[in-house]
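The values are calculated or read from the model by the stated rules, or taken from the named source; none is laboratory data. The shown structure was predicted, so the numbers you read here are calculated from the model rather than taken from an experiment. For neighbour counting, all protein chains shown are included, and Cβ atoms are generated from backbone atoms with ideal geometry for every residue, glycine included. These accessible areas exclude ligands, DNA and RNA; they are computed on the full protein's heavy atoms, side chains included. Shrake-Rupley method; radii C 1.70, N 1.55, O 1.52, S 1.80 Å.
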Amino acid sequence: MFITAFLVTSCSGGGSSINESSYVAGDGVVTVVEKADRKLAPRITGSSTLGSPVALTSGRVALVNVWASWCSPCRAEAPILEELSKKYPNVQFLGLLTRDSDDSANAFIKRFEITYPTISDDQILLGFRKSLPVAAIPTTFLIDKKGLVAARISGEVTFSSVSKLLDQLVSE
């Protein structure tokens with residue numbers, strides 16, 4: 001499997017880099033990893049923005065969404081992710097806050113009535129570089145029951161694309 005590493009850019013897509021080929025606008029591109037090529041997700045554990053301990057549970061499918069309160073696509077997809085978390089109660093949903101403050105994140109969480117926890121730890125993001133690195137904000141990772149990265153969505157998610165992927169992973 002061939003994976004190209006990209007630089008993390010702002011969600012607005014207005015940033016630039018010296019090497020324009022390294023620039024990616026988050027446009028909802030889905031990258032699915034074949035079972036044989038999946039790599040272990042980083043250990044995801046820490047304190048939520050509200051101070052509660054959080055850890056991904058082994059043996060469960062997980063959806064991990066990288067977001068920030070200042071990100072317009074993050075605001076647009078927040079209600080979709082919350083709706084998906086209710087449709088898939090057996091899937092563990094987790095937010096990973098990046099380049100933002102806990103206070104701003106908590107205001108966002110309250111505004112959009114997000115019920116799943118968010119961890120603020122950019123070090124966790126570095127752990128994805130061995131599988132599918134973060135290429136934009138937002139980025140959503142789907143992790144299979146074995147703790148392997150099964151898919152990445154760079155940019156805003158849609159209900160139908162995530163539902164299709166979760167249905168496949170839950171049935172594996």
Checklist entry - Any residue in segment 108-131 that is part of a helix (DSSP H, G or I), of a type outside the set (A, V, I, L, M, F, W, C) and at pLDDT 95 or above? => result yes
Item to check | In segment 26-77, the residues that are under 23 Å from Arg129 (Cβ atoms), surrounded by fewer than 12 Cβ atoms within 10 Å (Cβ to Cβ) and small (Gly, Ala, Ser) | outcome: Ala36, Ser58
Next on the checklist: Suppose we filter segment 81-96 for residues that are touching a Phe, Trp or Tyr at 6+ places or on another chain (Cβ under 9 Å) and either open to solvent by 40 Å² or more (accessible area, probe 1.4 Å) or modelled with pLDDT under 95 (or both); how many remain?
Outcome noted: 2
Next on the checklist: If the requirement is being more than 16 Å from Thr49 (Cβ to Cβ), in a helix (DSSP H, G or I), open to solvent by 10 Å² or more (accessible area, probe 1.4 Å) and polar (S, T, N, Q), which of these qualifies: Ser161, Ser104?
Outcome noted: Ser161
